[in-house]
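Worksheet for the structure shown next.
The values are calculated or read from the model by the stated rules, or taken from the named source; none is laboratory data. Keep in mind the model is a prediction, meaning the values are calculated, not measured. Don't worry about glycine lacking a Cβ; one is built from the backbone with ideal geometry, like all the others, and counts go over all protein chains shown. In case anyone asks, the SASA skips ligands and DNA or RNA and just uses the protein heavy atoms, side chains included. Shrake-Rupley method; radii C 1.70, N 1.55, O 1.52, S 1.80 Å.
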Amino acid sequence: MAERIFIGVAWPYANGPLHIGHIAGCYLPADIFARYHRARGNDVLMVSGSDQHGTPITVRAEQEGTTPDKVVAKYHAEFVESWRKLGIGFDLYTSTGTQNHTQTVHEMFRSLLEQGYIYKGSQSLPYCPKDARFLPDRYVEGTCPHCRYDGARGDQCDKCGRTLNPIDLVGARCKFCGTTPEIRDSEHYLLKLSAFQDRLLAWVKQQTHWRSNVLNFSTNFIAGGLNDRAITRDIEWGVPVPVPGFEHKRIYVWFEAVCGYLSASKEWSQKKGQPDKWKDYWQNKDCRAYYFIGKDNIPFHTVIWPAMLMGYGGLNLPYDVPANEFLTLETQKISTSRNWAVWLPDYLARYPADPLRYYLSASMPESSDMDFSWREYLRRNNDELVATYGNLAHRILTFTYRNFNGAVPDPGELDASARAILAKADDAFQTVERLLRDCHFKAAIGAVMGLAQDANRYVDETAPWRAIKQDRQAAARALWTSISVISCLKTLMYPFLPFSSQTLHELLGNQGAVESTGWAFHKPAAGQKLAVPTPLFTKLEDSMIEEEVQRLRQVSTAGQK
Ligand SMILES: [Zn+2]
Ligand SMILES: [Zn+2]
């Protein structure tokens, strides 16, 4: 029976381009997971969208001397284009700027307010006397009271990942003028997180299938005591507060952005012409909800969003939150402000998607931080994608095409070595499937590449190019068996490398989308026509390493000006 899977992916702020760290952190693992489940025949809904509110957007607009909506329009369009080129297949990629989103947020707000989970209170907040304004979250910076990191923002410390209140910052300063803010009172609504403390702790303790870093972080976060959090801000860009007297305040972005998973599901249903379809994923207990995020986002998805859902009632809580650690670049922390990053639009303008998808899958920061370097990019491309996988397919298909009239030969009776490699391919299906279901993507692609190595050994041992001179039937058997394993690899690689899998699918003489053939080991029929062989991947020259590192340094220097 088809399983039902909801996949929510972190909502990127539409305030700057995406870089490879974002991709390794959540977009690629989510897409791999979705592609596997869709190929398996499961019922998948994967949604996300651009987060267009909050101070990251207004800070950017003020820095660039433009308006928030122009900043949002530019980056949202760029994100959509990046998803297309990188093959990140959302069922819906929307934004928090829709009427539907505002309605969904208001429903959540009103429901929690009526049930007493939201209440009005006075907040002591930093106020810049020079700029004559309150300084919500990112407008104030200072030293983290927990880890002493000096670049902590009013809402969160990027170093230790803790959420903060702006008045907790040591040595707080106004983001724009550097003035030490004074503290003034402002009226706001707060979410009564403290009311969920016991329920959340009991719930989190049951989630023994979560990654240990996610489970430990969340347990400690809750056990340390939950404080009620303001959910409105002194800012004029964002979702309005549906209460009179709050016209100059907005709903705090963390509260409304997480509602985006629900609003996007509703928008997808409306667009599909089945306005109640979202309920299959949110109210049906059989649906499992996965949230793919970076580790800096853990508390919002394992504590705050579940608390909101518990308060609202009747909607599914997260089943798993497989948060990834961070990616570093040439051993340094990726930094937007220092421009130390491989930007996605720049990469995609110059290179194909699959080599990046391969590298980031094989080095996915699942349980510890991982490093991206151009040297390793080249090595993985040349030694693994080209030499191990691409050449295996290319030389077998080319040789078969030339010697057997462009068609799959008849293997005759299989011998022990053919049966052994086919058994390994069967095993790989089981192994890779188990790893994918458990969100162990790095190990999963390692297992796929392991099968490609086994296939190369089989080809070397049977050497069809020599065999064909004495025993044409032995050559036919080796080629058919190799093509079968290549067909298996095409399916196993599909979640990771959708573009080259589609090409290989067609080279093997199939039509239509590779995904539509399902998650199954298809052995080719004797006589099946092959397409004219072409290489799957391109070898890179060593000189590109130095060029790319230089480019990175130049761009980084330019960014500091
Ligand atoms: Zn900190
Ligand atoms: Zn100021």
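Scanning region 391-431 for residues that are part of a helix (DSSP H, G or I), in contact with a Pro (Cβ under 6 Å, 6 or more places away or on another chain) and either among the charged types (D, E, K, R) or crowded, with 20+ Cβ neighbours inside 10 Å (or both) returns a single hit, Leu397. Going by the conditions given, is Asp383 open to solvent by 10 Å² or more (accessible area, probe 1.4 Å) and either touching a residue at least 24 places away in the same chain (Cβ under 8 Å) or not assigned by TED's automatic domain parsing to the domain that holds Gly509 (or both)? No: the conditions fail for Asp383. Confirm whether Phe326 is aromatic (Phe, Trp, Tyr), touching a residue at least 12 places away in the same chain (Cβ under 8 Å) and over 27 Å from Arg110 (Cα atoms). Yes; evaluated as a whole, the condition is true for this residue. Of everything in region 151-168 that is more than 10 Å from ligand 1 (Cβ to nearest atom) and in a loop (DSSP other than H, G, I, E, B), the residue that is least open to solvent (accessible area, probe 1.4 Å) is Gly154. Taking region 201-240 as the range and being out of contact with any Asp or Glu (no Cβ under 8 Å at 6 or more places or on another chain) and of a type in the set (A, V, I, L, M) as the test, the residues that pass are Leu201, Ala202, Val204, Val214, Leu215, Ile222, Ala223, Leu226, Ala230, Ile231, Ile235. For the structure I just gave you, tell me whether Ile483 is farther than 30 Å from Leu28 by Cβ, touching a residue at least 60 places away in the same chain (Cβ under 8 Å) and assigned to a helix (DSSP H, G or I). No. Within region 126-151, residues that are under 16 Å from Lys249 (Cβ atoms) reach partners that are within 13 Å of ligand 2 (Cβ to nearest atom) and of a type in the set (Asp, Glu) with beta carbons closer than 9 Å, at six or more positions or on different chains, in the pairs Pro126/Glu182; Tyr127/Glu182; Tyr139/Asp131. Taking region 169-189 as the range and being crowded, with 20+ Cβ neighbours inside 10 Å and more than 15 Å from ligand 2 (Cβ to nearest atom) as the test, the residues that pass are His188, Tyr189.
The residues of region 312-355 that are in contact with a strand residue (DSSP E or B) (Cβ under 7 Å, 6 or more places away or on another chain) and assigned to a helix (DSSP H, G or I) amount to a single one, Leu344. Restricting attention to region 169-207, the residues being among the β-branched types (Val, Ile, Thr), more than 16 Å from ligand 1 (Cβ to nearest atom) and touching a strand residue (DSSP E or B) at 6+ places or on another chain (Cβ under 8 Å) number 3. If the requirement is being among the acidic types (Asp, Glu) and outside any loop (DSSP other than H, G, I, E, B), which of these qualifies: Asp286, Asp296? Exactly one of Asp286, Asp296 is among the acidic types (Asp, Glu) and outside any loop (DSSP other than H, G, I, E, B), namely Asp296.
For Arg84, the conditions (1) over 30 Å from Lys271 (Cα atoms); (2) free of Cβ contacts under 8 Å to residues at least 40 places away in the same chain are fulfilled apart from (1). Counting only residues that are at positive phi and surrounded by fewer than 16 Cβ atoms within 10 Å (Cβ to Cβ), region 210-248 holds 2 of them.
Counting only helices (runs of 4 or more DSSP H) that sit completely within region 171-263, those holding 1 or more residues that are closer than 24 Å to Gly151 by Cα and either among the polar types (S, T, N, Q) or at pLDDT 95 or above (or both) correspond to 212-223, 253-258. Across region 525-536, a minimum of one residue is classified as closer than 25 Å to Asp383 by Cβ, in contact (Cβ under 8 Å) with a residue 24 or more places away in the chain, of a type in the set (Ser, Thr, Tyr) and in a loop (DSSP other than H, G, I, E, B). Scoring Arg162 on the criteria (1) closer than 30 Å to Val72 by Cα; (2) at pLDDT 95 or above leaves a single failure, condition (2).
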